[in-house]
1. Find the accessible area per residue for the stretch 208-250; the probe is 1.4 Å, ligands and nucleic acids are left out, and the unit is Å².
2. List the GluC sites (Glu not before Pro) in the stretch 245-343 that DSSP assigns to loop (not H, G, I, E or B) and whose Cβ has at most 13 other Cβ atoms within 10 Å. Which are they?
3. Please give the Cα centre distance for the stretch 323-355 versus the stretch 146-192, rounded to the nearest Å.
4. Rank these by accessible area, largest first, 1.4 Å probe: Met422, Met355.
5. For a quick check of your reading of the filter: which trypsin sites (Lys or Arg not before Pro) in the stretch 330-403 sit in a DSSP loop and have no more than 14 other Cβ atoms within 10 Å?
6. Too long at a 23 Å Cα-Cα cut-off: which of Lys139/Lys217; Lys144/Lys211; Lys217/Lys375; Lys140/Lys217; Lys211/Lys382; Lys144/Lys361?
7. Just to confirm the filter: which chymotrypsin sites (Phe, Trp or Tyr not before Pro) across the stretch 132-224 are DSSP coil and have at most 11 other Cβ within 10 angstrom of their Cβ?
8. Give me the percent of the accessible area of the stretch 178-231 that comes from carbon and sulfur atoms, probe 1.4 Å, all protein chains in place.
Amino acid sequence: PWARGGDQEAALDLLTGPGGDPSSVSSLSSYLSHLSTVDGASENSNKDKDVSFSMHITTIRQAGPAAFTVEHVQSGLTDSAPDQAHLDAQLLVSLTQPLLEASGVRAPKGGQQSFTAELTAADSRVLVDALLAVCHHVKKLTAKEPRLLELQSPCYVLGDIHGNLTDLEFFRSRVWPNDPQATAGEFLFLGDFVDRGLDSVPVVAYIMAMKVLNPGKWWMIRGNHETREVNGNTEHYQGGSFLNQCLQAFGDHVGNVVWEAVNTFFDTLPLAATIDNQIFCVHGGIPRELCAHDASLDLIRRVECPLRSAQASQMVYDMLWSDPSTPEQEGGGDLDGGGFGLSPRGCSCFGERSMDQFLLKYGFAHVFRGHEAQKSGVGVSKSARLTTIFSTSRDHFPADVPATCGCVLVSRGEIHPIVRSMPTHASSLLAAPTPFLQPTFVQQSVEAGDVYVAHDPHAGMYAARAA
(Lines give C-alpha, C1' and ligand atoms only; values in the text may rest on other atoms or scores of the structure.)
Protein backbone atom coordinates (compact mmCIF):
# COMPACT_ATOMS: atom_id res chain seq x y z
CA PRO A 1 0.00 0.00 0.00
CA TRP A 2 1.08 3.50 -0.80
CA ALA A 3 0.10 5.03 2.53
CA ARG A 4 3.05 7.38 2.91
CA GLY A 5 3.70 10.60 1.02
CA GLY A 6 7.15 9.40 0.04
CA ASP A 7 5.62 6.53 -1.96
CA GLN A 8 3.31 8.73 -4.03
CA GLU A 9 5.87 9.23 -6.76
CA ALA A 10 6.21 5.49 -7.29
CA ALA A 11 2.46 5.14 -7.52
CA LEU A 12 2.19 8.03 -9.98
CA ASP A 13 4.99 6.60 -12.10
CA LEU A 14 3.09 3.33 -12.44
CA LEU A 15 0.02 5.10 -13.75
CA THR A 16 1.78 7.67 -15.96
CA GLY A 17 4.44 5.35 -17.32
CA PRO A 18 3.98 2.93 -20.24
CA GLY A 19 0.42 1.67 -20.21
CA GLY A 20 -0.61 4.27 -17.64
CA ASP A 21 -3.18 6.99 -18.11
CA PRO A 22 -2.16 10.57 -17.26
CA SER A 23 -5.79 11.53 -16.88
CA SER A 24 -5.97 9.34 -13.80
CA VAL A 25 -3.25 11.30 -12.04
CA SER A 26 -5.48 14.02 -10.68
CA SER A 27 -7.93 11.75 -8.83
CA LEU A 28 -5.21 9.34 -7.74
CA SER A 29 -3.09 12.18 -6.41
CA SER A 30 -6.04 13.38 -4.37
CA TYR A 31 -6.50 9.91 -2.90
CA LEU A 32 -2.85 9.49 -1.98
CA SER A 33 -2.66 13.00 -0.61
CA HIS A 34 -5.59 12.14 1.64
CA LEU A 35 -3.71 9.14 2.96
CA SER A 36 -0.55 11.09 3.65
CA THR A 37 -2.51 13.93 5.23
CA VAL A 38 -4.20 11.53 7.60
CA ASP A 39 -0.84 9.98 8.44
CA GLY A 40 0.80 13.37 8.86
CA ALA A 41 -1.92 14.63 11.16
CA SER A 42 -1.32 11.77 13.55
CA GLU A 43 2.46 11.58 13.14
CA ASN A 44 3.33 13.31 16.38
CA SER A 45 0.83 11.35 18.46
CA ASN A 46 2.18 8.03 17.13
CA LYS A 47 5.87 8.66 17.86
CA ASP A 48 6.03 6.29 20.81
CA LYS A 49 3.70 3.60 19.43
CA ASP A 50 4.72 0.23 18.04
CA VAL A 51 4.73 -0.14 14.26
CA SER A 52 3.12 -3.17 12.67
CA PHE A 53 1.92 -4.26 9.26
CA SER A 54 -1.59 -3.35 8.17
CA MET A 55 -4.02 -6.26 7.95
CA HIS A 56 -4.85 -5.10 4.39
CA ILE A 57 -3.09 -4.40 1.10
CA THR A 58 -4.36 -1.51 -1.01
CA THR A 59 -4.54 -2.45 -4.69
CA ILE A 60 -5.08 0.20 -7.38
CA ARG A 61 -6.43 -0.96 -10.73
CA GLN A 62 -7.15 0.77 -14.02
CA ALA A 63 -10.95 0.82 -14.37
CA GLY A 64 -11.29 2.81 -17.57
CA PRO A 65 -9.64 5.43 -19.77
CA ALA A 66 -9.76 8.02 -17.01
CA ALA A 67 -10.60 6.09 -13.85
CA PHE A 68 -9.13 3.69 -11.35
CA THR A 69 -10.47 1.56 -8.51
CA VAL A 70 -9.05 1.16 -5.05
CA GLU A 71 -9.55 -2.15 -3.25
CA HIS A 72 -8.46 -3.38 0.17
CA VAL A 73 -7.62 -7.08 0.35
CA GLN A 74 -6.43 -9.21 3.27
CA SER A 75 -2.65 -9.20 3.53
CA GLY A 76 -2.39 -12.41 5.50
CA LEU A 77 -0.04 -10.66 7.91
CA THR A 78 -0.77 -10.46 11.60
CA ASP A 79 0.10 -7.87 14.15
CA SER A 80 3.51 -8.49 15.65
CA ALA A 81 2.02 -8.16 19.12
CA PRO A 82 -0.10 -11.22 20.00
CA ASP A 83 -3.53 -10.55 21.43
CA GLN A 84 -4.74 -11.91 24.75
CA ALA A 85 -6.25 -15.01 23.15
CA HIS A 86 -2.88 -15.98 21.69
CA LEU A 87 -1.08 -15.25 24.93
CA ASP A 88 -3.50 -17.48 26.86
CA ALA A 89 -3.21 -20.25 24.27
CA GLN A 90 0.58 -20.06 24.27
CA LEU A 91 0.57 -20.36 28.05
CA LEU A 92 -1.66 -23.44 27.86
CA VAL A 93 0.60 -25.03 25.25
CA SER A 94 3.62 -24.31 27.46
CA LEU A 95 1.87 -26.22 30.27
CA THR A 96 0.71 -29.20 28.20
CA GLN A 97 3.46 -29.74 25.64
CA PRO A 98 6.02 -30.88 28.24
CA LEU A 99 3.47 -33.51 29.30
CA LEU A 100 3.20 -34.60 25.68
CA GLU A 101 6.96 -34.81 25.25
CA ALA A 102 7.33 -36.78 28.49
CA SER A 103 4.47 -39.15 27.69
CA GLY A 104 6.68 -41.46 25.67
CA VAL A 105 8.75 -42.37 28.75
CA ARG A 106 5.85 -42.76 31.16
CA ALA A 107 4.33 -46.04 32.21
CA PRO A 108 3.51 -48.37 29.29
CA LYS A 109 0.11 -49.65 28.21
CA GLY A 110 -1.77 -51.27 31.01
CA GLY A 111 0.03 -49.27 33.68
CA GLN A 112 -0.18 -45.62 32.63
CA GLN A 113 -0.39 -42.99 35.30
CA SER A 114 -2.57 -39.88 35.12
CA PHE A 115 -0.87 -36.51 34.70
CA THR A 116 -2.58 -35.40 37.93
CA ALA A 117 -0.07 -37.46 39.89
CA GLU A 118 2.58 -34.91 38.84
CA LEU A 119 0.39 -31.80 39.24
CA THR A 120 1.28 -29.46 42.11
CA ALA A 121 -1.24 -27.10 43.70
CA ALA A 122 0.46 -24.09 42.08
CA ASP A 123 0.49 -25.78 38.68
CA SER A 124 -3.17 -26.64 39.13
CA ARG A 125 -4.15 -23.02 39.69
CA VAL A 126 -2.21 -21.81 36.65
CA LEU A 127 -3.65 -24.60 34.51
CA VAL A 128 -7.21 -23.84 35.58
CA ASP A 129 -6.86 -20.14 34.77
CA ALA A 130 -5.35 -20.90 31.35
CA LEU A 131 -7.95 -23.58 30.59
CA LEU A 132 -10.91 -21.37 31.38
CA ALA A 133 -9.45 -18.48 29.39
CA VAL A 134 -8.83 -20.66 26.33
CA CYS A 135 -12.31 -22.20 26.59
CA HIS A 136 -13.69 -18.67 26.34
CA HIS A 137 -11.55 -17.81 23.31
CA VAL A 138 -11.93 -21.06 21.38
CA LYS A 139 -15.71 -21.30 21.58
CA LYS A 140 -15.96 -17.84 20.02
CA LEU A 141 -14.03 -19.22 17.03
CA THR A 142 -15.94 -22.47 16.59
CA ALA A 143 -19.33 -20.83 17.15
CA LYS A 144 -18.71 -18.73 14.03
CA GLU A 145 -17.74 -21.72 11.89
CA PRO A 146 -20.31 -23.42 9.64
CA ARG A 147 -21.81 -26.63 10.97
CA LEU A 148 -20.47 -28.30 7.80
CA LEU A 149 -16.83 -27.36 7.21
CA GLU A 150 -15.58 -27.20 3.63
CA LEU A 151 -11.85 -27.96 3.55
CA GLN A 152 -9.24 -28.42 0.84
CA SER A 153 -6.38 -30.87 0.54
CA PRO A 154 -3.70 -31.44 1.59
CA CYS A 155 -5.38 -32.36 4.83
CA TYR A 156 -4.41 -34.68 7.70
CA VAL A 157 -7.42 -36.41 9.26
CA LEU A 158 -7.16 -37.84 12.79
CA GLY A 159 -9.74 -39.97 14.54
CA ASP A 160 -10.48 -40.63 18.21
CA ILE A 161 -7.76 -39.55 20.66
CA HIS A 162 -9.59 -40.52 23.91
CA GLY A 163 -7.25 -38.91 26.41
CA ASN A 164 -4.14 -40.65 25.07
CA LEU A 165 -1.15 -38.30 25.39
CA THR A 166 1.35 -40.85 24.13
CA ASP A 167 -0.24 -41.35 20.71
CA LEU A 168 -1.06 -37.64 20.41
CA GLU A 169 2.63 -36.96 20.98
CA PHE A 170 3.47 -39.45 18.22
CA PHE A 171 1.42 -37.43 15.74
CA ARG A 172 2.65 -34.09 17.08
CA SER A 173 6.32 -35.04 16.81
CA ARG A 174 6.03 -36.55 13.34
CA VAL A 175 3.20 -34.80 11.52
CA TRP A 176 3.58 -31.24 12.83
CA PRO A 177 6.97 -31.44 14.63
CA ASN A 178 7.63 -27.71 14.66
CA ASP A 179 4.23 -26.07 14.40
CA PRO A 180 1.08 -26.55 12.30
CA GLN A 181 1.84 -23.26 10.54
CA ALA A 182 5.15 -24.74 9.38
CA THR A 183 3.44 -27.87 8.02
CA ALA A 184 1.79 -27.94 4.62
CA GLY A 185 -1.90 -28.72 4.73
CA GLU A 186 -4.70 -28.54 7.23
CA PHE A 187 -5.63 -30.74 10.21
CA LEU A 188 -9.06 -32.22 10.87
CA PHE A 189 -9.98 -34.10 14.05
CA LEU A 190 -13.06 -36.33 13.95
CA GLY A 191 -13.98 -35.94 17.62
CA ASP A 192 -13.78 -38.03 20.80
CA PHE A 193 -10.92 -36.16 22.46
CA VAL A 194 -11.81 -37.21 26.01
CA ASP A 195 -12.80 -40.24 28.14
CA ARG A 196 -11.24 -43.71 28.54
CA GLY A 197 -7.62 -42.51 28.57
CA LEU A 198 -6.34 -40.97 31.80
CA ASP A 199 -5.07 -37.72 30.24
CA SER A 200 -8.27 -36.22 28.87
CA VAL A 201 -7.59 -32.84 30.52
CA PRO A 202 -4.18 -32.12 28.92
CA VAL A 203 -5.30 -33.64 25.61
CA VAL A 204 -8.32 -31.38 25.23
CA ALA A 205 -6.34 -28.42 26.61
CA TYR A 206 -3.67 -28.84 23.95
CA ILE A 207 -6.19 -29.32 21.13
CA MET A 208 -8.17 -26.22 22.15
CA ALA A 209 -5.03 -24.10 22.44
CA MET A 210 -3.84 -25.17 19.00
CA LYS A 211 -7.17 -24.08 17.53
CA VAL A 212 -6.72 -20.59 18.98
CA LEU A 213 -3.16 -20.40 17.63
CA ASN A 214 -4.03 -21.90 14.21
CA PRO A 215 -7.66 -20.98 13.54
CA GLY A 216 -7.41 -21.40 9.76
CA LYS A 217 -5.55 -24.73 9.76
CA TRP A 218 -6.80 -26.64 12.80
CA TRP A 219 -10.35 -28.02 12.56
CA MET A 220 -12.49 -30.18 14.83
CA ILE A 221 -15.88 -31.82 14.55
CA ARG A 222 -18.01 -33.19 17.34
CA GLY A 223 -18.01 -36.80 18.49
CA ASN A 224 -20.39 -38.62 20.81
CA HIS A 225 -17.95 -38.09 23.71
CA GLU A 226 -18.22 -34.33 23.25
CA THR A 227 -21.55 -34.51 25.06
CA ARG A 228 -22.36 -34.25 28.76
CA GLU A 229 -24.39 -37.47 28.67
CA VAL A 230 -21.24 -39.41 27.78
CA ASN A 231 -18.23 -37.57 29.24
CA GLY A 232 -20.15 -37.05 32.49
CA ASN A 233 -21.02 -40.74 32.85
CA THR A 234 -18.78 -41.51 35.81
CA GLU A 235 -20.56 -44.78 36.58
CA HIS A 236 -19.69 -46.31 33.22
CA TYR A 237 -16.23 -44.85 32.55
CA GLN A 238 -15.18 -44.52 36.21
CA GLY A 239 -11.56 -43.29 36.33
CA GLY A 240 -11.60 -42.83 32.56
CA SER A 241 -14.49 -40.39 32.72
CA PHE A 242 -13.61 -36.84 31.73
CA LEU A 243 -15.71 -35.51 34.61
CA ASN A 244 -13.93 -37.74 37.11
CA GLN A 245 -10.55 -36.60 35.79
CA CYS A 246 -11.54 -32.94 36.17
CA LEU A 247 -12.65 -33.58 39.76
CA GLN A 248 -9.47 -35.48 40.56
CA ALA A 249 -7.25 -32.78 39.10
CA PHE A 250 -8.97 -29.66 40.45
CA GLY A 251 -11.33 -30.70 43.25
CA ASP A 252 -15.12 -30.91 43.26
CA HIS A 253 -16.08 -27.28 42.77
CA VAL A 254 -13.36 -26.14 40.36
CA GLY A 255 -13.43 -29.51 38.59
CA ASN A 256 -17.11 -29.09 37.78
CA VAL A 257 -16.46 -25.54 36.55
CA VAL A 258 -13.71 -26.76 34.18
CA TRP A 259 -15.84 -29.69 32.97
CA GLU A 260 -18.78 -27.43 32.17
CA ALA A 261 -16.57 -24.82 30.48
CA VAL A 262 -15.06 -27.43 28.16
CA ASN A 263 -18.51 -28.84 27.39
CA THR A 264 -19.74 -25.36 26.55
CA PHE A 265 -16.99 -25.31 23.94
CA PHE A 266 -18.04 -28.77 22.72
CA ASP A 267 -21.56 -27.40 22.19
CA THR A 268 -20.19 -25.13 19.44
CA LEU A 269 -18.23 -27.72 17.45
CA PRO A 270 -19.10 -28.28 13.79
CA LEU A 271 -20.79 -31.60 13.00
CA ALA A 272 -19.19 -32.67 9.72
CA ALA A 273 -16.69 -31.64 7.06
CA THR A 274 -15.95 -32.15 3.39
CA ILE A 275 -12.54 -32.35 1.74
CA ASP A 276 -12.29 -31.23 -1.90
CA ASN A 277 -16.04 -31.84 -2.20
CA GLN A 278 -15.11 -35.52 -2.58
CA ILE A 279 -14.83 -36.84 0.97
CA PHE A 280 -17.54 -36.52 3.63
CA CYS A 281 -16.12 -36.58 7.18
CA VAL A 282 -18.23 -37.32 10.25
CA HIS A 283 -17.65 -38.90 13.62
CA GLY A 284 -20.14 -41.76 13.50
CA GLY A 285 -21.82 -42.19 10.16
CA ILE A 286 -24.52 -41.41 7.64
CA PRO A 287 -27.91 -40.33 9.05
CA ARG A 288 -31.12 -41.54 7.45
CA GLU A 289 -32.44 -37.97 7.10
CA LEU A 290 -29.72 -37.01 4.62
CA CYS A 291 -30.71 -39.85 2.27
CA ALA A 292 -34.33 -38.71 1.93
CA HIS A 293 -35.43 -37.65 -1.55
CA ASP A 294 -35.88 -33.97 -0.66
CA ALA A 295 -32.90 -33.73 1.73
CA SER A 296 -29.83 -31.56 1.28
CA LEU A 297 -26.67 -30.81 3.20
CA ASP A 298 -28.37 -27.63 4.34
CA LEU A 299 -29.96 -29.81 7.02
CA ILE A 300 -26.52 -29.88 8.66
CA ARG A 301 -25.81 -26.21 8.01
CA ARG A 302 -29.06 -25.20 9.72
CA VAL A 303 -28.43 -27.06 12.99
CA GLU A 304 -28.53 -24.61 15.88
CA CYS A 305 -25.32 -23.48 17.54
CA PRO A 306 -24.60 -23.91 20.36
CA LEU A 307 -26.25 -27.34 20.54
CA ARG A 308 -26.31 -28.45 24.15
CA SER A 309 -27.85 -31.89 23.63
CA ALA A 310 -27.14 -33.98 20.54
CA GLN A 311 -30.15 -36.10 21.41
CA ALA A 312 -32.41 -33.15 20.56
CA SER A 313 -31.88 -33.98 16.86
CA GLN A 314 -32.15 -37.53 15.52
CA MET A 315 -29.99 -36.58 12.53
CA VAL A 316 -27.22 -35.22 14.76
CA TYR A 317 -27.51 -38.19 17.09
CA ASP A 318 -27.04 -40.61 14.16
CA MET A 319 -24.08 -38.60 12.83
CA LEU A 320 -22.36 -38.96 16.22
CA TRP A 321 -23.35 -42.52 17.07
CA SER A 322 -24.06 -44.69 14.01
CA ASP A 323 -21.86 -47.55 12.77
CA PRO A 324 -21.48 -49.39 9.47
CA SER A 325 -23.48 -52.61 9.21
CA THR A 326 -21.74 -55.96 9.53
CA PRO A 327 -21.64 -58.47 6.65
CA GLU A 328 -24.10 -60.60 8.64
CA GLN A 329 -26.56 -57.72 8.70
CA GLU A 330 -26.04 -57.08 5.00
CA GLY A 331 -26.78 -60.67 4.06
CA GLY A 332 -29.28 -61.54 6.76
CA GLY A 333 -32.12 -59.21 5.87
CA ASP A 334 -31.58 -57.06 8.97
CA LEU A 335 -31.49 -53.79 7.00
CA ASP A 336 -34.50 -51.94 5.63
CA GLY A 337 -35.03 -50.88 2.05
CA GLY A 338 -32.91 -47.78 2.52
CA GLY A 339 -29.97 -49.80 3.83
CA PHE A 340 -30.37 -48.79 7.48
CA GLY A 341 -30.71 -50.93 10.57
CA LEU A 342 -29.79 -51.26 14.24
CA SER A 343 -26.14 -51.52 15.30
CA PRO A 344 -24.92 -53.90 18.05
CA ARG A 345 -24.55 -50.91 20.38
CA GLY A 346 -28.23 -50.09 19.92
CA CYS A 347 -27.89 -47.14 17.54
CA SER A 348 -28.46 -46.73 13.83
CA CYS A 349 -26.27 -48.55 11.33
CA PHE A 350 -25.82 -47.94 7.61
CA GLY A 351 -25.09 -50.46 4.88
CA GLU A 352 -23.95 -50.66 1.27
CA ARG A 353 -27.31 -49.49 -0.08
CA SER A 354 -27.38 -46.37 2.09
CA MET A 355 -23.75 -45.66 1.11
CA ASP A 356 -24.75 -45.93 -2.56
CA GLN A 357 -27.61 -43.48 -2.08
CA PHE A 358 -25.61 -41.00 -0.04
CA LEU A 359 -22.55 -40.88 -2.28
CA LEU A 360 -24.62 -40.63 -5.47
CA LYS A 361 -26.94 -37.96 -4.08
CA TYR A 362 -24.16 -35.61 -2.97
CA GLY A 363 -21.40 -36.48 -5.42
CA PHE A 364 -18.95 -37.78 -2.80
CA ALA A 365 -16.49 -40.60 -3.45
CA HIS A 366 -15.60 -41.54 0.14
CA VAL A 367 -16.75 -41.23 3.75
CA PHE A 368 -14.25 -40.81 6.60
CA ARG A 369 -15.31 -41.53 10.17
CA GLY A 370 -13.93 -42.45 13.61
CA HIS A 371 -15.99 -43.86 16.49
CA GLU A 372 -15.03 -47.53 16.08
CA ALA A 373 -11.80 -48.98 17.49
CA GLN A 374 -9.33 -50.25 14.88
CA LYS A 375 -6.45 -52.49 15.92
CA SER A 376 -4.48 -51.29 12.91
CA GLY A 377 -5.39 -47.61 13.29
CA VAL A 378 -7.10 -47.38 9.90
CA GLY A 379 -9.81 -49.69 8.54
CA VAL A 380 -11.38 -49.76 5.09
CA SER A 381 -14.84 -51.18 4.40
CA LYS A 382 -17.98 -50.89 2.26
CA SER A 383 -16.21 -51.64 -1.02
CA ALA A 384 -13.29 -49.41 -0.04
CA ARG A 385 -15.53 -46.33 0.14
CA LEU A 386 -15.65 -46.04 3.95
CA THR A 387 -12.50 -45.35 5.98
CA THR A 388 -12.53 -45.63 9.77
CA ILE A 389 -9.69 -43.72 11.46
CA PHE A 390 -8.69 -44.40 15.06
CA SER A 391 -5.84 -42.35 16.51
CA THR A 392 -5.40 -44.06 19.88
CA SER A 393 -3.94 -47.50 20.51
CA ARG A 394 -5.07 -47.78 24.14
CA ASP A 395 -8.10 -48.45 26.33
CA HIS A 396 -10.19 -50.36 23.80
CA PHE A 397 -8.63 -53.83 23.67
CA PRO A 398 -7.30 -56.23 26.32
CA ALA A 399 -3.74 -55.54 27.43
CA ASP A 400 -2.42 -58.59 25.59
CA VAL A 401 -4.00 -57.57 22.26
CA PRO A 402 -1.62 -55.53 20.11
CA ALA A 403 -3.09 -52.36 18.63
CA THR A 404 -1.75 -49.20 17.04
CA CYS A 405 -2.99 -45.78 15.96
CA GLY A 406 -3.31 -44.07 12.61
CA CYS A 407 -4.34 -41.01 10.65
CA VAL A 408 -4.92 -40.29 6.96
CA LEU A 409 -3.39 -37.72 4.64
CA VAL A 410 -5.47 -36.57 1.68
CA SER A 411 -3.15 -35.08 -0.92
CA ARG A 412 -3.02 -34.78 -4.70
CA GLY A 413 -6.10 -36.88 -5.24
CA GLU A 414 -4.86 -39.78 -3.10
CA ILE A 415 -5.71 -41.13 0.35
CA HIS A 416 -2.56 -42.01 2.30
CA PRO A 417 -3.04 -43.95 5.57
CA ILE A 418 -0.27 -43.26 8.10
CA VAL A 419 0.03 -45.87 10.85
CA ARG A 420 2.34 -46.05 13.83
CA SER A 421 4.46 -49.18 13.58
CA MET A 422 4.68 -51.65 16.44
CA PRO A 423 7.75 -53.54 17.68
CA THR A 424 8.30 -56.70 15.66
CA HIS A 425 8.24 -58.84 18.81
CA ALA A 426 4.79 -57.55 19.78
CA SER A 427 2.90 -58.68 16.74
CA SER A 428 3.27 -59.42 13.08
CA LEU A 429 0.27 -57.18 12.40
CA LEU A 430 2.32 -54.34 10.92
CA ALA A 431 5.87 -55.63 11.25
CA ALA A 432 7.94 -55.86 8.08
CA PRO A 433 7.73 -57.74 5.84
CA THR A 434 3.95 -57.87 6.38
CA PRO A 435 2.70 -56.80 2.93
CA PHE A 436 -0.73 -55.45 3.84
CA LEU A 437 -2.36 -53.17 6.37
CA GLN A 438 -4.61 -55.60 8.21
CA PRO A 439 -8.16 -54.50 9.05
CA THR A 440 -9.36 -54.09 12.60
CA PHE A 441 -12.61 -55.97 12.06
CA VAL A 442 -12.02 -58.85 9.70
CA GLN A 443 -15.74 -59.58 9.57
CA GLN A 444 -16.26 -56.29 7.75
CA SER A 445 -15.85 -56.08 4.00
CA VAL A 446 -12.30 -54.72 4.16
CA GLU A 447 -10.28 -54.74 0.99
CA ALA A 448 -6.97 -55.33 2.73
CA GLY A 449 -5.20 -55.95 -0.56
CA ASP A 450 -6.01 -52.42 -1.71
CA VAL A 451 -3.65 -50.89 0.83
CA TYR A 452 0.10 -51.29 0.53
CA VAL A 453 2.35 -50.72 3.53
CA ALA A 454 5.88 -49.45 3.12
CA HIS A 455 8.19 -49.51 6.12
CA ASP A 456 10.11 -46.29 6.80
CA PRO A 457 12.79 -47.20 9.36
CA HIS A 458 13.85 -43.57 9.74
CA ALA A 459 10.40 -42.19 10.51
CA GLY A 460 9.53 -45.08 12.81
CA MET A 461 6.14 -45.55 11.21
CA TYR A 462 4.44 -47.11 8.22
CA ALA A 463 3.30 -44.85 5.44
CA ALA A 464 0.63 -46.59 3.42
CA ARG A 465 -0.93 -45.50 0.19
CA ALA A 466 -3.88 -46.80 -1.80
CA ALA A 467 -2.69 -49.24 -4.43
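1. Each residue of the stretch 208-250 exposes 29 Å² on average to a 1.4 Å probe.
2. Passing sites in the stretch 245-343 are Glu304.
3. The two parts, judged by their Cα centres, are 30 Å apart.
4. Output order, biggest surface exposure first: Met422, Met355.
5. Those that pass, being in a loop and sparsely packed, are Arg345.
6. Listed pairs above 23 Å: Lys217/Lys375; Lys211/Lys382; Lys144/Lys361.
7. Loop-located and lightly packed - none at all.
8. Here carbon and sulfur together make up 49 percent of the probe-accessible area.
The values are calculated or read from the model by the stated rules, or taken from the named source; none is laboratory data. All values reported here derive from a predicted model rather than from experimental measurement. Note that we place each Cβ from the backbone using ideal geometry, even for glycine, and neighbour counts take in every protein chain shown. Side chains included, ligands, DNA and RNA excluded: accessible areas come from the protein's heavy atoms. Shrake-Rupley method; radii C 1.70, N 1.55, O 1.52, S 1.80 Å.
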